[in-house]
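Student: Mind looking over this structure? Questions follow.
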Amino acid sequence: MAAGELTAERPVADIARLMVIRRMKPLGFTLDQMRDLLDATDRLDAGTDLPAGERAALLERVRGFEDAAQQRVADLRTQLARAEEFADTLRERLTDTPAQQSSSPVRPSDSSPARSG
């Protein structure tokens with residue numbers, strides 16, 4: 001099949017490629033990295049017999065992306081845990097506020113975070 005040739009299978013392949021991109025984007029992969037991974041997986045999935053060395057190199061590239069994805073997921077989990085702790089701290093602060101303070105009017109400008117400048 002020539003590049004860009006339309007077949008019944010082509011839309012399914014295009015959707016699969018878009019899903020790879022959709023999953024890589026939140027992990028911070030660049031377009032070049034996405035292209036590199038898609039190239040490697042396309043060559044592995046082409047159904048042609050690859051020389052053993054080339055196949056091993058392609059698998060190593062994919063393995064590198066898997067390692068990077070796992071590390072980025074771990075980093076995001078750490079960031080999420082910190083963000084949740086921060087939100088919990090704010091929630092606790094609001095529930096622990098004495099009644100007399102909560103009854104005083106607060107202007108929007110008074111409740112905004114301090115700005116440096």
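The values are calculated or read from the model by the stated rules, or taken from the named source; none is laboratory data. Predicted model, so just to flag it, every value in this text is computed and none were measured. For accessibility, only protein heavy atoms count, side chains too; no ligands or nucleic acids. Shrake-Rupley method; radii C 1.70, N 1.55, O 1.52, S 1.80 Å.
Student: Short version: ³J(HN,Hα) in whole Hz for each residue of segment 60-77, in order, from phi by Karplus 6.51 cos²θ - 1.76 cosθ + 1.60 (θ = phi - 60°), x for Gly and Pro, what are they?
Tutor: 5, 4, 5, 4, x, 5, 5, 4, 5, 4, 4, 5, 5, 5, 4, 4, 5, 4
Student: What are the ³J(HN,Hα) couplings of segment 20-35, residue after residue, when phi is run through the Karplus curve with 6.51, -1.76, 1.60 and θ = phi - 60°? Round to Hz, x for glycine and proline.
Tutor: Karplus values, whole Hz, x for Gly and Pro: 4, 4, 4, 7, 7, 4, x, 8, x, 6, 7, 4, 4, 5, 4, 4.
Student: Could you report the accessible area of residue 50 in Å², rounded to 10, computed with a 1.4 Å probe on the protein chains as they sit in the structure?
Tutor: 40 Å²
Student: Still on this structure, please answer the following. How big is segment 20-85 along each principal axis, measuring the range of its Cα positions in Å and listing the largest first?
Tutor: Per principal axis, max minus min of the Cα coordinates gives 52, 18, 16 Å.
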